[in-house]
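FYI, it's all coordinate maths here, none of it is from the lab. These figures come from a predicted structure and were not determined experimentally. Methodologically, a virtual Cβ is constructed for each residue, glycine included, from the backbone with ideal geometry; neighbour enumeration extends over all protein chains shown.
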Amino acid sequence: MQIVVQDLAKTFRIAERAPGMFGAVRGLVRRRHRDVAALAGVSFSLAPGELVGYIGPNGAGKSTTIKVLAGILIPDGGRVEVDGRVPWRHRIEHVRRIGVVFGQRTQLWWDLPVIESLEMLRHIYKVPPDRFRTQRDELIELLALADFLDKPVRQLSLGQRMRADLAASLVHAPSILFLDEPTIGLDAVSKLAVRAFVKRLNRERGVTVILTTHDMDDIEALCERVIVIGDGTILSDGTLADLRKRVTRERWLTIDVADGSADTVADADASVIRRDGERVCLAFDPEIVSPAALIQRVTSRHAVRDLFVENPPIETVIARLYQR
Amino acid sequence: MMGYIAIIAARFRALLQYRAAALGGLFTQTFFGLVRIMILRAFYAAATVAAPMSLPRVVSYVWLGQATLLLIPWRTDEDVAEQIRTGNVVYELTRPLDLYGVWFARSLAWRTAPVFLRMLPMFVVAMVIVPLVAPGWELAPPASAAAFVMWVACFAGAVLISAALTALMNVTLMWTLTGDGVPMLVATCATMFGGLVIPLPLFPEWAKPVLYALPFAGMLDLPSRVFSGDIAATSAPWVLAHQLAWTLVLVALGRWLLSRGVRRLVVQGG
C-alpha cells in the first residue's frame, strides 16, 4: 500500500465568546474554548495507481485529511504513512515526492509569467535540466499552456490558472497527486480539460490521485472508488455504483410546463420534491418506473416546454447517507 | 540552495519593474537630503565647539543615508503579510523548502533591488550635479580606494542585517492581527538610532557606545562613515563583525520564533 491512514483524528480548538458587550468584556478576561473534532478516526489505504474520489459536505474533514497527507497539518492521533514516510515528520523529503493542487488558491507566483514559475519550481525541486525540458514540453502540450506561458499569473483566467497550477504540481514528476477541489469555479470546457488530463495522468503514468470535489460529474468521470466522509468519519468506501445503490436509486425529473398547469403535475410512481413557478421536480425510482414511461405520462397530460433527468446532487446523496 | 537563489533572482527582477516609484523616491530623497544638509550646515555655522565630525563628512553622511534609505525595513513583506492573514502560509509548506529561508531570500531581494534603483542615480546627483549648483553641499568621493572596497563589503553587511530584521518582522505577523505595530516601532527606532534624524557621531558621548552597538547603526551609519573615512578602512572589519554578529542574532531569533509560529499553525490549522 502506498498510502495508509489509520484511525486518523484531529481536533481543533475554537475560541468562543458570548454574544453582546458583556460577552466581549468577559472574553478579555477568560476565553472559552470549544473543541471541534474535524476527524474522528478515519482509516483507508490506497494502492499505487489508484484514483480515488474523496467527498463529503463542507466541514466534513476533506481538506483536513488532505492537509495531513500533504504534511502541513499534524494530527492528534492515528497513523499515516505515505511511501513509508510520516508526512509531517519528514516534511521536506515527503513533499518532494508529492504534488498538491488546492483549487481555491494558486501556488504559482502571482507576478511571474507561468514559464518562469515553472523554471523556479525546477530549481526548488532540483529537477535535472534535460528531464525538466521534456517534462515541461509535455505538460505545455497536454494542458495547452502555450498561449499564456508568458503571461503573469494574475492575468490568467481561472481555467488557465488551474491548468498552470496542475502543470506546476507536476514539474518534479511526483508519483502521488493530491487535488483539493481542482474544478471549483471552472467553466465546462476547462472542467473537461482538467478531467481528461487527470485521467490520462493516472492511466498512462500510474500516478496515484486523491481528488476532493463537490462536483459529482468529476467523480463520475474519473473515480472508480469513492470515499465519503461526514462529520469526521468515513461513511462509505467503494465504487460509485455501490454508493448510489446503497443510498438511493432515486433520479430526478425536472419539467418546465408551458400551460400554467404546474400545480397539478403529479404521478403515482413519483413524488414531487419541489414546485417553483413553471418548474416542477419529480423524484422517481427507475426500477419502479422507467424514465421513458414517466416522461411519456407527464408529457401526455401537460404541455411541457423543457425537461431533463439527473441524479440527485452529491449533497443530497450524502445527506441521505447521514440520515440512516 | 538553487531554489533560494531562484527566489532571490525572480523577486529581484520583479522589484526592478518599479521604475516610477524609484524616480519618485529619487526626487523626494534628494529634496530631503538637501533639507537635512541645510539644517546641519546651519548648526555647524552656529556651533561654538568643534564638532566630532567635519562638515564635508556630515554632508556625505547625509547623502549616503538618503541614497541607501530603503535599507531600513520600513514595512513588512506585503505578500507574506497577505499569506499570513489568509492562512495561505501553510501552503508554502507543501514545497521542499525551509520557510525561514524563503522569507529571508525574499527579504534579501527586497533590500537590494529598490536600493540599487535609487542609489546609482542618487550618486550621480549628489556627486556630479550638486557640486555644480551648490559647492560644499556635495557627496565627496570615497576617502580612498580601500575605503570604497570596505564600504562595498559593509553595504553587503547592511543588507544582511536589514534582511534578517525584515524576516523577523514578517514572523511577528503570525501573532499580531493588523501587523502595523511592529514595523512602526522598528521604523521609529531605525530613524532615531540609525542616524536619520541626527547623525550618530553628533550624539552625546555617553549615548554613542549604546547607539553604535545597536543593529540600526549597522544599516546606514557605520557603512556611511567607512565610505567618508570617518571610520578608517583598517577598522572596517569591526563594522563587518558587528553586522555579521547582529545578522546571526536576528536570524536565530527569527528562526526560533518562526518554528514556534509554524508549530502553532500546523497544530491549529490555517
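Other chains' Cβ within 10 Å of A:101-108 residues: what's the mean?
Rounded to a whole number, the mean comes out at 2.
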Share of Cα-Cα pairs in segment B:9-86 beyond 17 Å, in percent? 62
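Ratio of segment B:130-270's C-alpha Rg to 2.2 N^0.38 Å, to two decimals? Intermediate results must be reported in sequence, preceding the final value.
Working: Rg = 18.2 Å, N = 141, 2.2 N^0.38 = 14.4 Å.
Cα-based Rg divided by the globular estimate yields 1.26.
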Which whole number gives the average count of other chain Cβ atoms within 10 Å of the Cβ atoms across peptide B:143-155? 0
Using only Cα atoms, find the angle between the long axis of helix A:314-323 and the longest principal axis of chain A, and express it within 0 to 90 degrees, rounded to the nearest 10. 80
Lysines whose Cα lies under 27 Å from that of A:Lys67, excluding same-chain neighbours fewer than 8 positions away: A:Lys10, A:Lys126, A:Lys191, A:Lys199
Taking the 0 to 90 degree range and rounding to the nearest ten, how far is the long axis of helix A:20-29 tilted relative to the main principal axis of chain A, both from C-alpha atoms? 30
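Within chain B, which complete DSSP H helices have Cα atoms spanning at least 15 Å along the helix axis and a mean Kyte-Doolittle hydropathy of -0.5 or higher? Walk me through the intermediate numbers first.
Details: long enough: B:2-15 (19 Å, 1.32); B:19-46 (40 Å, 1.12); B:55-67 (18 Å, 0.69); B:99-110 (17 Å, 0.78); B:113-124 (18 Å, 1.62); B:145-172 (41 Å, 1.92); B:181-193 (18 Å, 1.65); B:236-268 (47 Å, 0.85).
Span-like helices in chain B: B:2-15, B:19-46, B:55-67, B:99-110, B:113-124, B:145-172, B:181-193, B:236-268.
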Taking one equal scatterer on every alpha-carbon of chain B, how large is log10 of I(q)/I(0) by Debye at q = 0.15 1/Å? -1.11
Can you give me the relative contact order of chain A as a percent, contacts being Cα pairs under 8 Å and 6 or more apart? 18
How well do other chains shield peptide A:70-76, expressed as the mean number of their Cβ atoms within 10 Å of each residue Cβ? 5
Would you work out the charge dipole size for chain A about its Cα centre, treating the Cβ of every Lys and Arg as +1 and the Cβ of every Asp and Glu as -1, and quote it to the nearest 20 debye? 1400
Cα-Cα pairs above 18 Å in segment A:249-313: how many percent? 23
Quick one: of the DSSP bridges fully inside the protein assembly as shown, what percent are antiparallel, nearest 5? 70
Round to the nearest 10 and give me the degree value, 0 to 90, for the angle of helix A:114-124's Cα axis relative to the longest principal axis of chain A. 50
Viscosity 1.306 mPa s, temperature 10 °C: what is the translational diffusion coefficient of segment A:86-146 from Stokes-Einstein with a Kirkwood Rh over Cα pairs, rounded to a whole number of µm²/s? 121
Computed [θ] at 222 nm, helices only, for chain B once each DSSP H run of length n ≥ 4 contributes -39500 (n - 2.57): -22000 deg cm²/dmol
